[in-house]
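Laboratory data are not the source of any read-out in this text; all were calculated from the coordinates shown. Not measured: the values here are computed from a predicted model. Cβ placement follows ideal geometry from the backbone for every residue including glycine, while neighbour counts extend to all protein chains displayed.
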Amino acid sequence: MLLQVLAAIAALFVLSGLLNSRRRNMHVPPGPKALPLLGNVLDIPKKDVHVTFRDWANIYGKDLMKVEMPGETLYVISNKKVMVDLFEARSAIYSSKPTMTMADSSGFKNSIPLLPYNARLKTSRRLLKQGLSPAAVRSYFPYINNRTALFLEALLKDPDDFVRHFTRTAAHTALKIAYGYEGVTEDHHLLHTAIETMEIFATVVNPGRWLVDTLPILDRIPVSFPFANFKRVQEESRPVVFETVSKPFEEVKKHLAEGTADGSFSSYLLQSEKPDPETEDCIRWAATSIFLGQSDTTTATLSWFTHAMVKFPEVQKKAQEEIGRVIGNDRLPEIQDRDSLPYVNAIMKEIFRWQPIISMLPRSVVQDDKYNGYFVPAGTYLLANIWAVLHDPEVYPEPEKFMPERHLKEGVPNPLDVTFGFGRRVCPGMQVAQSQTFGTMAAMLATLNLKPQKDEHGRDIIPETRTVDGLIRFPVPFKCAFVPRSEAALKLIERGAEHARSVPDRLERWSD
Ligand code: HEM
């Protein structure tokens, strides 16, 4: 085996040398000077790679820039027009994904974000489009609004653990939307396994972390092999992933047979599609992808929102004034109030612009192409640096500053058109994501003051704006005091939570 691995490494280097010499004769995009074999790897920092890539793009070109990695050439895009040209206008060939061997072998081979652009992906996207249609998403609003009230109640009981409350609420909502049957959100084992699955996903889908992603032959190493820690990670992951993907789905089928299923994503599609086994498996994985897509992303976004409110009290005050003026003090704001709360909506846009929780989008092109005179060979790994687009000072002046007002001006490009991606791989959950984020933000602002905590000298602890490294960009852990704005606000939370507990925990069937 060792010999095979060494042979593969040698072959890879020879191949990469040959490819490089082939590329020398073609018109390739400019990029930073690269070392033989190692390419630019030594110049790439471990953290905030998108910032380095933006700085390089300012020198070598925002349209297409070449970055050499051992065995792989990346084309980095830092210009929105090029992203639209390639991922939308030429989506038939630019909608595939680079293979992630580590994640595939950990049980995620069929998860939608990792699928290449094939028949299975097309079926899965069609199902997601149906199950997350505007009408379907609207039918989830009452459930999400009720969950928000329960979230506020839990937050006040245990405010230090606010990030966990975000995760639990997002996970509850995702499980309910995906499977819907009564009791799904009270199944603590399922919730725990599902959150564990999401954590595994974030670990194994981590470009640059696993050597096996660059050298897939390593995947054939037996688990007993010394230094094969990654194989043990895969072995431990698979049963957890399998349980999350199958157990709640089998429950839905049982509830459907018994006539007790809700109007969830899975139950609706199982009935409307009358699926063959292959399509049923696509529905099973599409439901899991709702969970994988929703939980960490919503948690990270709401963590950045809390972070911003602690740092920028004047923004918080303006939003609270708007909510008081438009909604009053007799009810909690809801998702449906979005159009009448433009300033709160502008805060949400600014959160998604200022701290996009995904900074770069991977794509792979399936056939040779030419763009602006540059050759893009089939199989090229492309990275769209959406962070760079959202921090372009020509579009968003003083991009490092948190300024929701910028989105109230005419003609400012909407960051939501970029944060959720492009074309045939655009985030299918963007309506759910925006609804849940907006509803939670508005309800928090209506009832609570988000303030810095004090140190032992009574001084405010203002969090530094720094990111934890990972697939999803989270702020480094920070403290926040959640202070009820008034007795009336406390009563609103109490009443909202009581109401949420009193109504049946059912999703009603939607119709388009
Ligand atoms: C704050 C929330 C969210 C953000 C910022 C976000 C962002 C993204 C982005 C940037 C992509 C990749 C798009 C591309 O490559 O062009 C994506 C893909 C995806 N998202 Fe989201 N997302 C969020 C929430 C959700 C939710 C709530 C769901 C499900 C209900 C979801 C489901 C998915 C799925 C299944 C994919 C893979 C699509 C594919 O590969 O074809 N996301 N998301």
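Determine by what factor the alpha-carbon radius of gyration of the range 2-502 differs from 2.2 N^0.38 Å, reporting the quotient.
Relative to the rule-of-thumb radius for its length, the range 2-502 sits at 1.01.
Tell me, I200, I351, I217 in order of fewest to most beta-carbon neighbours within 10 Å?
Lowest count first: I217, I200, I351.
With +1 on each Lys and Arg Cβ and -1 on each Asp and Glu Cβ, and nothing else charged, work out how big the dipole of the range 362-512 is about its Cα centre, in Debye to the nearest 20.
Details: 19 positive and 20 negative charges, 72 e Å.
Around 340 debye, computed over the range 362-512.
Where in the range 339-363 is the amide nitrogen less than 18 Å from a point lying 7 Å along the Cα-to-Cβ axis of E88?
From the range 339-363, the list is 353, 361-363.
Taking 22 Å as R0, compute the FRET efficiency from the Cβ-Cβ separation of T260 and F141 and round it to 0.05.
0.45
Using a Förster distance of 35 Å, how high is the FRET efficiency between R495 and I461, based on the Cβ-Cβ distance and rounded to 0.05?
Numbers: r = 33 Å, r/R0 = 0.93.
The calculated FRET efficiency here is 0.60.
On a full-extension model of 0.36 nm per residue, what is the gain between V468 and V483, subtracting their alpha-carbon distance, rounded to one decimal in nm?
Values: separation 15, 0.36 × 15 = 5.40 nm, distance 2.65 nm.
Residue separation times 0.36 nm, minus the Cα-Cα distance, leaves 2.7 nm.
What per residue convex hull volume, in Å³, do the alpha-carbon atoms of the range 75-232 yield?
Given the Cα convex hull of the range 75-232, per-residue volume reads 198 Å³.
Could you tell me the distance between the Cα centroids of the range 140-186 and the range 311-368, to the nearest Å?
19 Å
Can you tell me the dipole magnitude for the chain around its Cα centre, using point charges on the Cβ only (Lys, Arg +1; Asp, Glu -1), in Debye to the nearest 20?
About 1080 debye.
Determine, from the Cβ-Cβ distance of N58 and K247 and an R0 of 41 Å, the FRET efficiency 1/(1 + (r/R0)^6), rounded to the nearest 0.05.
Taking R0 as 41 Å, the efficiency between N58 and K247 is 0.25.
Give me the extension gain from D219 to E410: residue separation times 0.36 nm, minus the current Cα-Cα distance, reported in nm with one decimal. Walk me through the numbers on the way to the answer.
Values: separation 191, 0.36 × 191 = 68.76 nm, distance 5.27 nm.
Between D219 and E410, full extension yields 63.5 nm more.
Output needed: percent of Cα pairs per 10 Å distance bin for the range 330-459, bins running from 0 to the one holding the longest distance.
For the range 330-459, the binned pair fractions read 10, 31, 30, 18, 7, 3, 0 percent.
Restrict the search to the range 428-512; then list the GluC sites (Glu not before Pro) that DSSP places in a loop and that have at most 14 other Cβ atoms within 10 Å of their Cβ.
When the GluC sites (Glu not before Pro) of the range 428-512 are filtered for loop state and at most 14 Cβ neighbours within 10 Å, E456, E464, E508 remain.
What ranking of D455, D417, D213 emerges when the number of other C-beta atoms within 10 Å of each C-beta is taken as an exposure proxy, fewest first? List each step's numbers first, then the result.
Working: D455 10, D417 13, D213 23.
The order, fewest Cβ neighbours first, is D455, D417, D213.
What is the fewest-to-most order of K47, K247 by other Cβ atoms lying within 10 Å of their Cβ?
The most exposed by this proxy come first: K47, K247.
On a C-alpha basis, how far is the centre of the range 415-462 from the centre of the range 203-242 in Å? Whole number, if you could?
Cα centres, the range 415-462 to the range 203-242: 34 Å.
Could you tell me, in Å, what Rg and Dmax come out for the Cα atoms of the range 304-373?
18.9, 61
Charges on Cβ only, +1 for Lys and Arg, -1 for Asp and Glu, centred on the Cα centroid of the chain; of S78, M430, F478, which one is farthest towards the dipole's positive end?
So the residue we want is S78.
How high is the relative contact order of the range 2-502, in percent, with contacts defined as C-alpha pairs under 8 Å that are six or more residues apart?
22 percent
Residue by residue through the range 181-192, what is 3J(HN,Hα) from phi via Karplus (6.51 cos²θ - 1.76 cosθ + 1.60, θ = phi - 60°)? Round to whole Hz and write x for glycine and proline.
In residue order, the calculated couplings are 5, 4, x, 4, 7, 9, 7, 4, 5, 4, 4, 5 Hz.
Quick one: angle between helix 313-326 and the longest Cα principal axis of the chain, in degrees between 0 and 90, rounded to 10, please.
Taking the Cα atoms of the chain, the angle to 313-326 is about 50 degrees.
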